[in-house]
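I have placed the structure first, in the form of structure tokens, so that the comments after it can refer back to it.
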Amino acid sequence: MEDRYLQTKKQKIKLQREYEDAAILDIGGGGEGFIGRLYGKNVIAIDPREDELLETDNDSIKLIMDGRALKFTDENFDVVTLFYSLMYMNIETKLEVLSEAVRVLKRNGLLDIWDVDLPDYKNDGKDVFVAQLDVELEDDITSTGYGVLLEGKKQSKSSIDAMLEPLGLKLIKEECMDQSFRLQYKKL
Ligand SMILES: C[S@@+](CC[C@H](N)C(=O)[O-])C[C@H]1O[C@@H](n2cnc3c(N)ncnc32)[C@H](O)[C@@H]1O
């Protein structure tokens, strides 16, 4: 069974508060709910899976919602975050979710993405990819793993950038952590 797994080494991610009094939408905000842990009540966390939202332990507002059809009017949020959520989506879903994220973002608002390079599925039986993370947040380190079926999920910084540039976003910050990356965009 283990032969199915392609695992990264531990990706070390440090999360610090950077936004004060911002209205934040966290797409795919279930699971560990790191953005909700960092910003509490300032965050609306949406996820189509109720079980993922119930797993979280933070003060965010949690709504069962698909990122492809956000139930918010245009230009509502100062910040939209996706923390290792795009890796769970195929290309069509990524495009729909990112275009919705941009729609609900205010002008000059920020889209903040943390994710990982995913290789093409080679049909060699290694069909499950696991990003292993050590996430440091307020002097606490949480070890976790995000696993996904590889087929149809290939992505990189440049593939995400190619989707966002036509949506009118400007890349203002880029960080690399081994196979992981953070991309921060501003809506013009
Ligand atoms: C690895 S988890 C994200 C981890 C989470 N952000 C955290 O802090 O631990 C990816 C999440 O993306 C969600 N997701 C998948 N497709 C989605 C979609 N279309 N819209 C919103 N969330 C989606 C999954 O249900 C899953 O909970």
With a/c under 1.5 counting as rounded, go ahead and sort the stretch 95-182 into rounded, prolate or oblate using the C-alpha gyration tensor (a ≥ b ≥ c being the square roots of the eigenvalues; past the cut-off, prolate if a/b is larger than b/c, else oblate).
oblate
Order of Arg37, Arg103 - criterion: other Cβ atoms within 10 Å of each residue's Cβ, fewest first:
Arg103, Arg37
Cβ density ranking, 10 Å radius, fewest first, applied to Phe83, Phe77, Phe72, Phe181 yields Phe72, Phe181, Phe77, Phe83
Between the alpha carbon centres of the stretch 69-87 and the stretch 100-153 the gap in Å comes to 15
Whole-number percent relative contact order across the chain, with pairs defined as alpha carbons under 8 Å at least 6 apart
24
Which far-off residues, 5 or more places away or on another chain, put their amide H under 5 Å from the one on Thr56, with H placed in the peptide plane?
Gly31
From DSSP H assignment alone, runs of 4+ in the chain each adding -39500 (n - 2.57), the sum over residues rounded to the nearest 500 puts [θ] at 222 nm at -5000 deg cm²/dmol
Report the antiparallel proportion of the DSSP beta bridges in the chain as a percent, rounded to a multiple of 5.
50
Step through the residues of the stretch 92-107 one at a time and calculate ³J(HN,Hα) from phi using the Karplus curve (6.51 cos²θ - 1.76 cosθ + 1.60, θ = phi - 60°), rounding each to whole Hz and writing x for Gly and Pro.
4, 5, 4, 4, 5, 5, 5, 5, 5, 4, 5, 4, 7, 7, 5, 4
Listed by chain and number, the lysines with an alpha carbon less than 25 angstrom from that of Lys106, same-chain partners under 8 positions apart left out, are Lys41, Lys62, Lys71, Lys94, Lys157, Lys170, Lys173, Lys186, Lys187
Dipole of the stretch 128-188, Cα-centred, from +1 at each Lys and Arg C-beta and -1 at each Asp and Glu C-beta, to the nearest 20 debye?
540
Return the long-range amide H neighbours of Asn76 (sequence gap of 5 or more, or a different chain), with a cut-off of under 5 Å between placed amide H atoms.
Leu105, Lys106
Arrange the following residues from fewest to most other Cβ atoms within 10 Å of their Cβ: Arg49, Arg182, Arg17.
Arg17, Arg49, Arg182
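Read-outs throughout are calculated quantities, based only on the coordinates presented, and are distinct from any laboratory measurement. This one's a predicted model, so the numbers in the text were calculated from it and none came from an experiment. Positions of Cβ are generated from backbone atoms using ideal geometry, with glycine treated the same way; all protein chains shown enter the neighbour counts.
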